[in-house]
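Written below as structure tokens is the structure these notes are about.
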Amino acid sequence: RQNPRVVACLAKVLTREYDDDVVGGDATGDPSPSDAAPLREEALREVIVSQDRWCVYRPTVNVRTRRDDVDKNDTAGGAITSENRRTGDEPADAGGTDDAFCLRDKPEWRTRPNVHLDLHPWNFAAPGDVLPTEDLAFDTLRDFSRETNAVSSATGPHCQGVVALLDNRAEDGGTVLVPGFHAAFARWVDALGDPAWYAAAHEDWRANRLVWRGAGAGSFKFGSNDGVHRLKARVPMREGSFLIWDQMVAHGSAPNASDRPRMAQFVKGFRRSGAGAARLARRAARIRVELARAGTAGEVSALGRRVFGLDAG
């Protein structure tokens, strides 16, 4: 989150004032391996980077598994097959198998396909900033999640992204986006009707639902029956690449259906001018506590201090 290139991308989107040649690159458009992207001071001052989670998707195909843990009576897709048993002519470690281990599919490890919005659609579309975001105390880490989900167009733009920590092929599971959804966002909200229709708590994944997270925060989960799933696009990524999108873009993930893990760091950015000084000071104080707890305060760069908001109080 303190990588200069990640911050350059966030600054370009959040401030909307960069020229096309600001982010470094060679004649082919590929990022230069040695030159950090230049940042204008006024744009840099505007960028605040969220404290967000990272993820690991476990492989679900040919997973090295202890034979003792395998139910020999299981004839489902995860059962041992002749293809992943040792033949007796192979070395003991061939294909990750030996007398104690075998390769087994783990379909139960696959995550549920999903598309969602990390915002409360009706609050985001309100003409003024109606959210009590400025009252977040940051006495719990959950307040960082509420900060991510309690956004308004009045304090935007807001953007999200993901950094690939490993090559991410289509079959490895990962990000899906609905291209252009932000352009239709206002019309979509108008067509939704009363938010009370979506607010009832339920576990029916076929139906749309609004998840209330407190402090004006919320997220919208698209049910599996919603036509938006026909519009989503899977986005494979190379290791080290950064995918960024407007927070009004519906997005989600596809499950891992391969023998390789997926690892990624999620990132969100917002404008410093969209947050009050008292809120920025409280979140900075909590970040300092967590850095000290993790023993990583010394790993924060000068740029990191700026984009984490540690200079706010």
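In a simple Cβ point-charge model (Lys, Arg +1; Asp, Glu -1; nothing else charged), the stretch 173-313 has a dipole of about 440 debye relative to its Cα centre. For the residue pairs K106/K221; K106/K268; K232/K268, the C-alpha atoms sit more than 23 angstrom apart in K106/K221; K106/K268. When the stretch 233-279 is described by a simple charge dipole with +1 on each Lys and Arg Cβ and -1 on each Asp and Glu Cβ, the residue from W245, G274, A233 located farthest towards its positive end is G274.
Take the stretch 230-313 with all the other protein chains still there, run a 1.4 Å probe, and you get 46 Å² of accessible area per residue. Centre-to-centre, using Cα atoms only, the stretch 131-208 and the stretch 231-245 are separated by 17 Å. Between amide H atoms placed 1.01 Å from N, distances below 5 Å from S241 occur with A164, all of them 5 or more places distant or on a separate chain. If you take the Cα centroid of the stretch 210-227 and the Cα centroid of the stretch 249-294, the two points sit 19 Å apart.
Across all directions of projection, what mean area in square nanometres is found for the Cα convex hull of the stretch 235-313?
Values: hull surface 30.6 nm².
Averaged projected hull area, Cα only: 7.6 nm².
Cα-based values for the stretch 139-288, radius of gyration first and Dmax second, are 16.9, 47 Å.
The values are calculated or read from the model by the stated rules, or taken from the named source; none is laboratory data. None of the values given here were measured: they were computed from a predicted structure. Glycine gets a Cβ as well: all are built from the backbone with ideal geometry, and neighbour counts include every protein chain shown. Only protein heavy atoms, including side chains, enter the accessible area calculation; ligands, DNA and RNA are left aside. Shrake-Rupley method; radii C 1.70, N 1.55, O 1.52, S 1.80 Å.
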